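Laboratory data are not the source of any read-out in this text; all were calculated from the coordinates shown. Just so you know, these numbers come straight off a predicted model, no measurement behind them. FYI the Cβ positions are ideal-geometry reconstructions off the backbone, even for glycines, and counts take in every protein chain you see.
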């Protein structure tokens, strides 16, 4: 264990207030040895996966869990909504909480709460209690990603915190989804749905030991929380939470069919608007709304949100495509391994080359990977199997990892230039685009696939008429398998028609997923064109405005 005294007084993200004039902060600690750097990187990786698996193990296994709880698929999905409702906004408050009450106290209490909530999952026997516990699990898990981020920063010198460290921690966070799907079959076989929670509890206990054995650099405490901060945060939490519930459940209940979806959206608009009005009229607001809506930050937020929508293809569309073909997680396991290997390689490559001036080039590469991968997937048929998507999904996985670090590094750099208080503002932008953006992507593409499936079903149904000799022949072929057990020709013919209808629905689903893959490729293409156009204008403007030297005097170029 490293003596904690070595780490007192220096904050790796410089979140502490600026020292009074004439005073200086304590000198940073000496560079950490490679041995301890490796330990801190491993600790960050474990914390990232603990938080990510806790969130994804349930989302991945809704169909298996609903049987144990005696609930429908829609009812079981409330477990995801209950988890995300508090989780999407809590990191906003945690930045100030750790600054005021101390990083050590923050870390110890948060991990203890996470372990306690994880243990409570083992005693769940019905849907109602499961929903309540998942709500508190979303609260308890929120600090875990922050701690994972801080442990990774601890392992690197200041020059590499916003490059290498950011790349590695975001790679770890991205790997949680495919890893959860890869591990789920073995965990379910070991202990059914309790096997999922036993694994989560085990990780939580290991994380608990790590937090107590490995200290983090504590910033000096400062009173940064004001009374109106509490009100502003509660309003933001209600608004973000209502929005999360709508995005998770809207596709299942359908957007215009139940009135409470509209009521939740109205509450979200009212509460967030009220929080904005309050902060606009404060001298020390929780959020600097004017900075958040500045052109630079809106451009950053729009870029991250668009990319988050696009990469939801891997987590949602591709996996659901194979599940609609009847494949289970264990049959897709090799594809998840390919995704994870691609993520690790891409993350390491990004860490090796990432510099602020290379961010546009990295984004261009990521978008090209997305275009190629999504277009390849759009050619899928009912004979497509996971091995046919190894290359395309590897490209998409690599794009998922390499796009976000340069954008996040740029946002953090911009926030740090304005002062420590702007870290909170950046986290709001980042969370809104990541957490809510991910839910929005799932909702948008899920709804798009549903609409397109209905369209293709209607088109295919128009061509299925028994007067067509090919259709009649296909019905007879499908019915022939039941000829030994069904002697009534009318019933046998009806069975053949039912089987043909099932095949028609399957083909309609495949066409709908192909449309979704092609839509993602099209959006990525237009994003690439917009990025290249923006870079071209910026290059042309810089060249046009660059001074030239004539007779010893610098003059604007014509």
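Some points to look at:
- Proxy reagent accessibility, fewest Cβ within 10 Å first, across 251, 358, 290: 290, 358, 251
- Under the shape rule built on the C-alpha gyration tensor, where the axes satisfy a ≥ b ≥ c, region 261-416 is oblate, since a/c reaches at least 1.5 while a/b does not exceed b/c.
- The residues 57, 127, when put in order of fewest to most other Cβ atoms within 10 Å, stand as 127, 57.
- Sorting 245, 444 from the fewest to the most surrounding beta carbons within 10 angstrom yields 444, 245.
- Under 15 Å from the residue 472 label point (7 Å along Cα→beta-carbon), backbone N, region 495-519: 497
- In nm, spacing of pseudo-spin labels at residue 379 and residue 529 (7 Å Cα→C-beta vector): 2.2 nm
- Multiplying the residue separation of residue 505 and residue 328 by 0.36 nm and removing their Cα-Cα distance gives an extension gain of 61.8 nm.
- Rg over Rh for region 227-283 works out to 1.11, both radii taken from alpha-carbon positions and Rh defined as the Kirkwood radius.
- Centre-to-centre, using Cα atoms only, region 173-190 and region 53-67 are separated by 10 Å.
- Protection proxy ranking, peptides 332-342, 261-271, 364-374, average beta carbon neighbours within 10 Å, highest first: 364-374, 332-342, 261-271
- Each 5 Å bin from zero up to the one holding the largest Cα-Cα distance in region 292-341 carries the following percent of pairs: 5, 17, 18, 16, 11, 10, 8, 7, 6, 1.
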